[in-house]
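This report concerns only the one structure given below.
The values are calculated or read from the model by the stated rules, or taken from the named source; none is laboratory data. Quick caveat: nothing in here was measured; it's all calculated off a predicted structure. Here the Cβ is made from the backbone with ideal geometry for all residues, glycine too, and neighbour counts use every protein chain on show.
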Amino acid sequence: MEERFDCIIVGAGPSGTTAALRLAREGLNVAVFERGKPGAKNMFGGVLYSTILDKLIPGFWKEAPVERHVIRKRFSLLSSDSEAAFDLCFNAFDRPPFNNSFTVLRARFDRWYSEKAEEAGAVIVTGANVEDFIVEDGAIRGVKAGMEGGLVRADCVICAEGVNSLLAEKAGLKKKPAPESMTLGVKEIISLPKETIEDRFSLEDGQGAAFDFFGAALGGAVGSGFIYTNRDTLSVGIGCPISVLKEKGLRPNDLIEGFKAHPSVGRYLRGGKMEEFSAHMIPEGGYRAIPGLVRDGLMLVGDSAGLLNPSIFREGTNLAMASGLFAAETVIEARKKGDFSAKTLGDYVERLKGSFVIKDLKRYRGVPTAITSIPGLFGEEPEAILDFLKGHFTVSEKSKDEIHSELKKAFRDRVSMKRLFLELYRASKILR
Amino acid sequence: MEKKTLPEKLFLLSFKVDRTSHLILDKEACMRCPESERACLWICPSEVYKWDAEKRDIIVSYEGCLECGTCRIACPSGALEWRNPRGGFGVAYRFG
């Protein structure tokens with residue numbers, strides 16, 4: 001390995017690889033240090049948002065290992081035994097650029113993407129765990145990887161280490177995140193024949209669906225569940241704030257088992273074979289949890305920087321790729337000046353602020369606190385709402401007037417209307 | 001669909017196990033942590049941490065760690081020194 005690079009990137013996920021690809025194309029001498037093989041350590045819910053990727057590799061879906069493009073979205077409110085759902089299908093998303101939404105499996109996608117950076121000239125060092133930075137006069141000037149010859153210098157470092165931001169903490173840019181700002185995602189890959197998936201989810205070849213489940217998805221705890229369709233597998237999982245798991249003494253494996261056991265979820269999985277079980281944290285602290293993003297010789301990108309939209313949009317990969325791109329463009333400018341100080345690298349922060357990344361995080365800054373301030377919507381309220389609806393559609397010999405007055409009374413006895421409206425108002429901030 | 005136990009689920013995965021643990025517990029700090037607050041004992045998705053009532057000790061089965069980092073965030077006592085496994089070691093997802 002060369003002794004010195006123009007830029008070293010820690011982590012071969014979407015943000016790091018985007019930065020590497022951009023810098024390598026510019027002719028910079030760039031290395032990516034990845035502690036596993038690219039993709040082997042990465043997991044996410046399932047939808048890659050590809051606006052940035054399509055600019056870097058136009059029509060990438062023709063060669064990338066994408067699973068399906070999402071044309072169908074379904075939002076579902078579960079009670080313990082019933083479901084109310086809102087189902088959207090946009091056939092216009094069936095044409096390029098496919099609404100920039102593709103289900104992918106990260107072990108495959110990240111590997112492919114990393115190869116693209118390598119083809120462009122980036123050096124990808126695998127099995128290299130960066131344990132610390134080289135610091136000179138307060139500036140980051142390289143990395144210390146736990147391997148022979150692991151001390152490698154560079155003009156600057158882009159830290160794309162991911163959600164476990166050990167290096168960012170060492171660099172003094174952030175503290176250990178609070179349990180309230182982190183969500184645990186647990187996922188299973190369940191295989192089914194391609195045709196079965198298409199029939200079951202009302203899809204044609206190549207089309208995909210993203211189903212999100214709220215309400216009692218976690219048996220009364222704050223959090224949600226999901227099913228996303230891949231080519232011949234489903235990504236099935238749950239997300240629950242770590243503060244909630246901690247306070248309620250919940251076991252993540254019990255939550256995903258409970259979710260799959262719900263009749264409105266289990267029917268989609270029937271006959272499936274479990275292929276993989278995985279867990280990964282999601283930085284859902286939003287705008288207020290964004291750490292310091294630069295210091296002399298260093299920039300944070302992607303999950304390490306907490307760049308994830310925690311609202312209903314659930315966008316992460318596009319924010320990660322945008323941040324990697326902005327960091328790379330900042331390095332290119334800094335190199336022209338020959339100045340990698342925090343002041344010059346601060347241009348990266350300005351680029352983020354001027355883009356959808358920080359604009360959206362700012363708009364949804366209230367979401368992380370809102371989500372734990374609406375516990376009724378994960379507990380008694382969906383039960384009461386679905387019992388009301390069930391009663392409404394139950395066929396009997398009672399008159400409709402009689403049924404309605406009974407249902408209204410039963411509903412008001414169970415749920416405080418004041419609290420319900422307050423919680424719905426708070427929830428609407430997450431949804432809009 | 002067929003139901004799997006957690007050990008069966010972990011058996012689906014491929015791990016390259018290092019000789020030593022990347023999860024270091026300061027046992028003294030652990031013992032000061034009230035038993036009802038030891039979140040590691042329930043919060044880990046692969047149940048790496050188990051309480052051995054006989055030995056009155058927390059057993060760390062780091063071999064099955066999914067490297068999610070939840071235990072580090074949840075640990076109330078700061079007893080846990082959480083590192084990544086050495087380069088090339090640990091879990092390797094086939095799907096992800």
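Before moving on, here are some points about what is shown:
- Selection of region B:27-50 for residues being under 14 Å from the mean Cα position of the chain (by Cα) and surrounded by fewer than 15 Cβ atoms within 10 Å (Cβ to Cβ) yields only B:Lys50.
- Taken together, the criteria exclude B:Glu8 from residues that are in contact with a strand residue (DSSP E or B) (Cβ under 9 Å, 6 or more places away or on another chain), modelled with pLDDT under 95, loosely packed, with under 14 Cβ neighbours inside 10 Å and within 13 Å of chain A (Cβ to nearest Cβ).
- Only a single item in (1) surrounded by fewer than 18 Cβ atoms within 10 Å (Cβ to Cβ); (2) closer than 27 Å to A:Ile312 by Cβ; (3) free of Cβ contacts under 8 Å to residues at least 12 places away in the same chain is not met by A:Thr51, and it is number (3).
- In region A:287-314, of all residues being of a type outside the set (A, V, I, L, M, F, W, C), surrounded by 24 or more Cβ atoms within 10 Å (Cβ to Cβ) and assigned to a loop (DSSP other than H, G, I, E, B), the one that is modelled with the lowest pLDDT corresponds to A:Pro310.
- When each of B:Cys71, B:Cys65 is tested for being in contact (Cβ under 8 Å) with a residue 24 or more places away in the chain, under 14 Å from A:Leu245 (Cα atoms) and either at the interface with another protein chain (Cβ under 10 Å from one of its Cβ atoms) or buried (at least 22 other Cβ atoms within 10 Å of the Cβ) (or both), the lone residue that passes is B:Cys71.
- Here A:Glu423 clears all of (1) of a type in the set (D, E, K, R); (2) assigned to a helix (DSSP H, G or I); (3) surrounded by fewer than 16 Cβ atoms within 10 Å (Cβ to Cβ); (4) not assigned by TED's automatic domain parsing to the domain that holds A:Thr317 except the condition numbered (3).
- Matching entry among A:Glu169, A:Glu115, A:Glu136 (being over 20 Å from A:Gly302 (Cβ atoms), among the acidic types (Asp, Glu) and surrounded by fewer than 24 Cβ atoms within 10 Å (Cβ to Cβ)): A:Glu136
- Filtering region A:398-420 to residues that are loosely packed, with under 14 Cβ neighbours inside 10 Å and aliphatic (A, V, I, L, M) leaves only A:Met417.
- On the stretch given as region A:173-200, residues that are among the charged types (D, E, K, R) and closer than 30 Å to A:Ile242 by Cβ total 6.
- A:Thr344 being more than 23 Å from A:Asp54 (Cα to Cα), free of Cβ contacts under 8 Å to residues at least 40 places away in the same chain and surrounded by 19 or more Cβ atoms within 10 Å (Cβ to Cβ): yes
- Extreme residue, farthest from the other protein chains (Cβ to nearest Cβ), among residues of region B:44-62 that are touching a residue at least 12 places away in the same chain (Cβ under 8 Å) and acidic (Asp, Glu): B:Asp57
- Restricting attention to region B:11-38, the residues that are free of Cβ contacts under 8 Å to residues at least 60 places away in the same chain, in contact with a helix residue (DSSP H, G or I) (Cβ under 8 Å, 6 or more places away or on another chain) and either aliphatic (A, V, I, L, M) or within 12 Å of chain A (Cβ to nearest Cβ) (or both) total 1.
- Number of positions in region A:374-423 that are among the aliphatic types (A, V, I, L, M) and in contact (Cβ under 8 Å) with a residue 40 or more places away in the chain: 6
- Those strands (runs of 3 or more DSSP E) lying entirely in region A:173-254 with at least 3 residues among the small types (Gly, Ala, Ser) and in contact with a Lys or Arg (Cβ under 7 Å, 6 or more places away or on another chain): A:207-215
- In region A:246-279, of all residues being more than 7 Å from chain B (Cβ to nearest Cβ) and aromatic (Phe, Trp, Tyr), the one that is farthest from B:Gly64 (Cα to Cα) corresponds to A:Tyr268.
- Among residues of region A:118-130 being facing chain B (nearest Cβ under 8 Å) and surrounded by fewer than 20 Cβ atoms within 10 Å (Cβ to Cβ), the one that is farthest from A:Leu53 (Cα to Cα) is A:Gly127.
- Screening B:Leu41 against (1) within 14 Å of chain A (Cβ to nearest Cβ); (2) of a type outside the set (Ser, Thr, Tyr); (3) farther than 19 Å from A:Pro252 by Cβ; (4) part of a helix (DSSP H, G or I) leaves a single unmet condition, (3).
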